[in-house]
Amino acid sequence: MRAPGGIIAVVAAIAVVAPAVAAAGGGATADARAGGADDRYGLDDVPRYVPPTGRVICPKVPMVRYRGAVIRYHKPVRVYVGFRERLEKFERIVREVAIEVYGRAPRRIVHIGTYNCRRIRRYPTYLSEHALGNGIDIAGFDFGPARGRGERAAAPHRRLRRAFRVRVADHWGRTRGVDAIHAEFLRRLTDRLVGRDDVFRVLLGPAWPGHKNHFHFDCAPWRIVEI
């Protein structure tokens, strides 16, 4: 069915899709088909429902401490063991897009959270994917100075031959000068991620309430995209 505001809701047995679709305004899409028979993921059958009040008891899932295989995170993350593979794919895409835009990959990915045993703030009867180590909040990227003639020549602006940082809060949607180049990098990166069905299922950004300063990516058993 097609809900008001252009939201496409696919009715399925995953009950949590309903409130997520209701919250998604301005063209978000929510699709309960994620996690089908041809796309199984290790946490798909873990219940997300919790009582709306009281202490949250999070399911025990195998966790790993991960620093990054392709690009390092500014500090190690603690995530579900199966989410690590998705992060490696993410890092490869970050490197690919950064080389396209800047001529070099970032030195570090800056995050503001992975594992956190809590409810979804807007929906207190559901566990956050962070409670399963199944999500990450990305604030930005740190780039070192260009090395060698090739990287210096590939930099799209002379200022970008030096070290610099890209932040969702500072650069998303910018349209002038060097900031516009950073905005292009962020937009191209998110477009590339949305176009893949083997990395993240939920992709939220500044268009989603409470996400002005970061992207949230996870592998819930449904798909919601609102960047």
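Only the coordinates and a few stated rules stand behind these numbers; no lab work does. Everything numeric here is computed off the predicted structure, so don't read it as measured data. Quick reminder, even Gly has a Cβ in these numbers, built from the backbone with ideal geometry, and neighbours come from all protein chains shown.
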* Structure fact -> Given a Förster distance of 45 Å, the FRET efficiency implied by the Cβ-Cβ spacing of R158 and V46, rounded to the nearest 0.05, works out to 0.35
* To do: Over the residues of region 38-93, compute the C-alpha Rg and express it relative to 2.2 N^0.38 Å.
  => 1.40
* Could you sort 152-159, 108-115 so that the peptide with the highest average Cβ count within 10 Å comes first and the rest follow in order? => 108-115, 152-159
* Could you check the simple spin-label distance between R67 and R176, using points 7 Å along Cα→Cβ, in nm with one decimal? => 4.2 nm
* To do: Please work out whether region 136-227 counts as rounded, prolate or oblate from its C-alpha gyration tensor, where a ≥ b ≥ c are the square roots of the eigenvalues and a/c under 1.5 means rounded, while otherwise a/b larger than b/c means prolate and anything else oblate?
  => prolate
* To do: Write down the radius of gyration of region 73-214 and its Dmax, each obtained from C-alpha positions, in Å.
  => 15.9, 55
